[in-house]
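Peer 1: First the structure, which I've put down as structure tokens, then a few questions once you've had a look.
What follows is calculated from the coordinates using simple rules that are stated; it is not laboratory data. All values reported here derive from a predicted model rather than from experimental measurement. Note: ideal-geometry Cβ built from the backbone for every residue, glycine included; neighbour counts use all protein chains shown.
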Amino acid sequence: MSDSPSPIFLKRNHVTDPLEDMDWLGLQAYLDLILSPEFDIDKICAWIIRAENIVCKHASLKREAARNQLLTDLETYTKDRVGLQDAKKIRALHDLILMLEKGYRDIWAARLTDGVETLTAEERVSGTFWTAHSVLCRIDKITTAYLEQAHAISNAMAITDEKGNPVNPDAETSAICHVATMTCLGEGFANRWFNKHGVLVLPDLSKLTSAKQALSEKASMNALFWRNWQTIDEHRRFLGGEINHFQEPDLPDWVNGPYSAAAEYRLPHDHIERFDMIANDRWKRQLIQNFMEMRGRTNLSKLATGLTRPLAIGPGLLVSEEEGLTLIALCETFFHNVNSDQRRYHGLRLAEWTRGYAVLQQLIVDRFDPKGPASLFPQMPRQAWSDLLQKYGQTATTAKAFIDH
């Protein structure tokens, strides 16, 4: 009777789990047990390319070296076991990962050009929040003026500024949030602003001169490019398709501005993105319809108490109208009542996550000062944040989990 392990079939977690620690020996031990007919290199490549953190968006020499060695070992192993043609697929996957990382590195390096390199990291981050404040004030002014003129809210509003130019508040708000996030994370990794617990700790932020603020806005554009490349990266890894690269003097007509290079992503099937856009547009319209019905039928505005008094988490107990709309959206998305859902995701129920963000949003709304950009990032001791969250329904344990994430 043989003592050797029984052959097993290919499973995703047995491929992706060793990738967390770049453990080639662990991956090899598993691959050795797979029956030859089940050794599907295409499936293995798909799981690898979609694995979390397989692409190092921020430079990490140690992890990149370990990852590169693992893929090299896998390529050699595949060649010895099933032949050169399948080994070439591992090589192509490795080349794709390196190409995606190069895109991140090139964009990140380009931020320190055209005078931006004269700013400190602290000034670049400060400038991002000052820019965000300016954009939010502009959007608020435009939308308020438009709604006063329209006297109504519909699910197909075409908002324009004072010159008649179309304005998309959702897109602009999303863009400036991405800029702030990418800038803080990028500078955090580059300047080691993460503490021993992996939490990003920003330095003190101060007001910039107008000249420095103008330079920081150039860095903000770079953050948008970084975000766009992240979108291309994720589309390519999860949906397939191809990325075309262009260099001067052969740039396509759609490239406008002082750029020397461009990249274009093409889906393998255009209908995927088209259907996605249609679905998202219908979903947004449905949310607006739900919001209007909730306001009319449930007196939502009076149910929302703001941060005026302590409030538990439960049906009909709302910090803001947005909290109510979010809960309804989650219920419709997951087809069950999230208020009664007791499952925990990273330590909190969905209703607890929603309340946590509702409290943060309401705090910013209450403290926002059109003349004070610093109001966008209120600073309090950790215990004060915990006390605030517990005042509005969290426990000490869930408040800690929320803050840590």
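Peer 1: Distance between Cα centroids, segment 249-311 to segment 108-167: provide it in whole Å.
Peer 2: If you average the Cα positions of each part, the centres end up 16 Å apart.
Peer 1: Still on this model: Longest span of the chain, sites excluded, free of GluC sites (Glu not before Pro) in DSSP loop with at most 13 other C-beta atoms within 10 Å?
Peer 2: Values: sites that count: Glu52, Glu162.
Formally, the longest exposed-site-free interval is 163-405.
Peer 1: Next up: On alpha-carbon atoms, Rg over Rh for segment 234-376 using Kirkwood Rh? Can you show the working numbers first?
Peer 2: Values: Rg = 21.7 Å, Rh = 19.2 Å.
In segment 234-376, Rg relative to Rh is 1.13.
Peer 1: Can you tell me the equivalent ellipsoid semi-axes for the chain? Use √(5λ) from the Cα gyration tensor, largest first, whole Å.
Peer 2: 41, 29, 24
Peer 1: Specify, per residue and in Å³, the volume enclosed by the convex hull of the alpha carbon atoms belonging to segment 1-140.
Peer 2: On the way: hull volume 23.2 nm³, N = 140.
Convex hull of Cα atoms, per residue: 166 Å³.
Peer 1: Looking at the chain, what % of its DSSP beta bridges pair antiparallel, to the nearest 5?
Peer 2: Around 85 percent of the beta bridges assigned by DSSP in the chain are antiparallel ones.
Peer 1: Quick one: if you take sqrt(5λ) for each eigenvalue of the C-alpha gyration tensor of segment 137-217, what semi-axes come out, biggest first, whole angstrom?
Peer 2: 35, 16, 10
Peer 1: Given a 10 angstrom Cα cut-off, can you work out which residue in Ala351, Ala263, Ala223 is the most mobile in a GNM of the chain?
Peer 2: Ranking Ala351, Ala263, Ala223 by mean-square fluctuation puts Ala263 first.
Peer 1: While we're on this one: Stick to the Cα atoms of segment 187-279, pair each with every other, and give me the Kirkwood hydrodynamic radius in Å at one decimal.
Peer 2: Evaluated on segment 187-279, it is 16.9 Å.
Peer 1: If you don't mind, another one. Give me His346, His151 sorted ascending by neighbouring Cβ count inside 10 Å, so fewest comes first.
Peer 2: On the way: His346 9, His151 6.
Ascending Cβ contact count within 10 Å gives the list His151, His346.
Peer 1: I want to verify a result. In a Gaussian network model of the chain, Cα cutoff 10 Å, which of these has the top mean-square fluctuation: Ser375, Ser36, Ser134?
Peer 2: Ser36
Peer 1: Oh, and also: Going by how many other Cβ atoms sit within 10 Å of their own, how do Val167, Val365 line up, fewest first?
Peer 2: In increasing order of surrounding Cβ atoms, one gets Val365, Val167.
Peer 1: For every helix of n ≥ 4 consecutive DSSP H residues, a contribution of -39,500 (n - 2.57) applies; sum these over the chain, divide by its total residues, and give [θ] at 222 nm rounded to the nearest 500 deg cm²/dmol.
Peer 2: On the way: 14 runs with 242 residues, N = 405.
Helix contribution divided over all residues of the chain: -20000 deg cm²/dmol.
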